[in-house]
2 protein chains.
Amino acid sequence: MRIAIALFEGFTALDAIGPYEVLQRLPGSETVFVGERTGVYRTDTGVVGLHADATLDEVDRPDIVVVPGGPGTRHGFNDALIDWAKQVHETTQWTTSVCTGSLLLGAAGILQGLKATSHWMALDQLPALGAEPTLERVVVQGKVITAAGVSSGIDMALTLVSLVAGDEVAQAIQLGIEYDPQPPFNAGSPATAPAAIVDLVRSLMGPAMK
Amino acid sequence: MRIAIALFEGFTALDAIGPYEVLQRLPGSETVFVGERTGVYRTDTGVVGLHADATLDEVDRPDIVVVPGGPGTRHGFNDALIDWAKQVHETTQWTTSVCTGSLLLGAAGILQGLKATSHWMALDQLPALGAEPTLERVVVQGKVITAAGVSSGIDMALTLVSLVAGDEVAQAIQLGIEYDPQPPFNAGSPATAPAAIVDLVRSLMGPAMK
C-alpha cells in the first residue's frame, strides 16, 4: 500500500499526523508526505513545519490518499492539489480526508452525490460541492472516507485499517499507540458541549472557516 | 506562556503534535519546537520530518515544557537534552512528557520520588529512574505531568489547559479540535484489548522499547 498524505500551506498538523501515526503502522505500507513542491510546509500558526519528501507529480499512483484540512483552505486549495486529487482518485483504493480536507475532495468533484463530513463549523459548505453533510465522525461511502474535525483522523484511520487489513491489525495499532482516549471533559462535539462553549468557539473560529 | 516542545531524532510524531494542537490554542501562549540544533528532525520511520525553529540554548526559560517519546529513546537521550530539561525545570511552571518522554524526565532526575507513567510497555523502566510507575493515562504530580503512550498527549494537554486557564478554555479547545473520540474498537489499553492482541503488540513493539 502506497499512502500519500498531502500538505499545503496553512494545514492543521493533527489532521495529518493523526492518520499518519495509525497508517504508517499498516503492515506492508509505505507512507509519504507530498506537496506541490518538496520542502517544509507551515501550519497556519507557523509553529509547525512539516517536510514534504515528494512532489505531487512524483506520486501519481497512491493506493491511499489522505487530505488534511486547516485554515489554509479558506483561501481555497491550489489548483495543482485539486487536479492531483481528481487524477489519483481514479486509481486509489481509498480516498480520504480529515476536517476541511473534505472541501478539497469536494472541489475535485469526488463527493458528488455522497454523504460526507467535515469540521462541524464547515459542514454548511459541503452542499455547494455536491455532498450531503452529516454530523457523523467517520463517513464511509464506497472508497471515499471523510472525517470530522482535526482529531477525528485517528478514528478514521483505525476504521480504514480495519477495512484494509482486518479488525485485529486495527486493534494492534490502537494498542500500539495506546489510543484509550480519556478526555477530561465531554465537550468535543457541538451536541455535547455546553451551549456557551459552542457560541464561544463559533465566534472565535468561525471566521477562519469561511 | 512560552511553550517549548522538544525534538530529537527518532521521536514519535503524534507524541509531539497531539499536545501542540491543544496547547498552541491556549490564549496568550507562544509555542516553539526546539532541538539541540535547528532544522528538520525525523521520526524513527523517517517519514515525518518536523522542523525545530530554535535551539535548546535559545529557549532557556520556557513556562511549559513538553518532551515527546519515541523509539529514538532506546539509544538514550542525548546529554544536551537531558541537561536542558534539568536546567529549565528549575523555572518552568509545568514540565510534561508523553510516552517514553518520561524516561528523559527520569534521566534528568525530575521524577525522583514521583508517581509517573509512560507507554505501557515502558513502565518497567521507570523505577530505575526513581519514579513509581502507574497505569493512569495522565499523572499530575505538582508541576510535573506525565502521560501514557503516543495518543495520550491530547488528554494530557487538555488537562494542563484546564489547570492553567480553567475548564471553559479547555472545553473550547476540545470543541475546536472536535475531540469527541470514537475509536472503532476498545483495544487502546492492555487492560481492555484482547489478550492475543496484547501478546502480538508486545512481540512486535517490545524490542523497540528497550
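When you look at the Cβ of every residue in B:190-199, what mean number of other chain Cβ atoms sits within 10 Å?
Whole-number average of other-chain Cβ neighbours for B:190-199 is 4.
Placing a label point 7 Å from Cα toward Cβ, how far apart in nm is residue B:61 from its equivalents in the other copies, listed shortest first to one decimal?
5.8
Between copies, how far apart are the residue A:90 label points? List them in nm, one decimal, shortest first, with each point 7 Å from Cα toward Cβ, please?
Copy-to-copy label distances for residue A:90: 6.5 nm.
Apply the a/c threshold of 1.5 to the C-alpha gyration tensor of chain A and tell me whether it is rounded, prolate or oblate.
Verdict is rounded for chain A.
Mind listing the label-point distances from residue A:127 to the same position on all other copies, shortest first, one decimal in nm, points 7 Å along Cα→Cβ?
6.3
Taking the Cα centre of each part, how many Å lie between segment A:157-210 and segment B:7-66?
Computed from Cα coordinates, the inter-centre distance equals 22 Å.
What is the distance in Å between the Cα centroid of segment A:92-152 and that of segment B:92-111?
39
Any read-out appearing in this document is the output of simple, stated calculations on the displayed coordinates, not a laboratory observation. These numbers were taken from a predicted model, which means no experiment stands behind them. Virtual Cβ from ideal backbone geometry, glycine too; neighbours counted across all protein chains shown.
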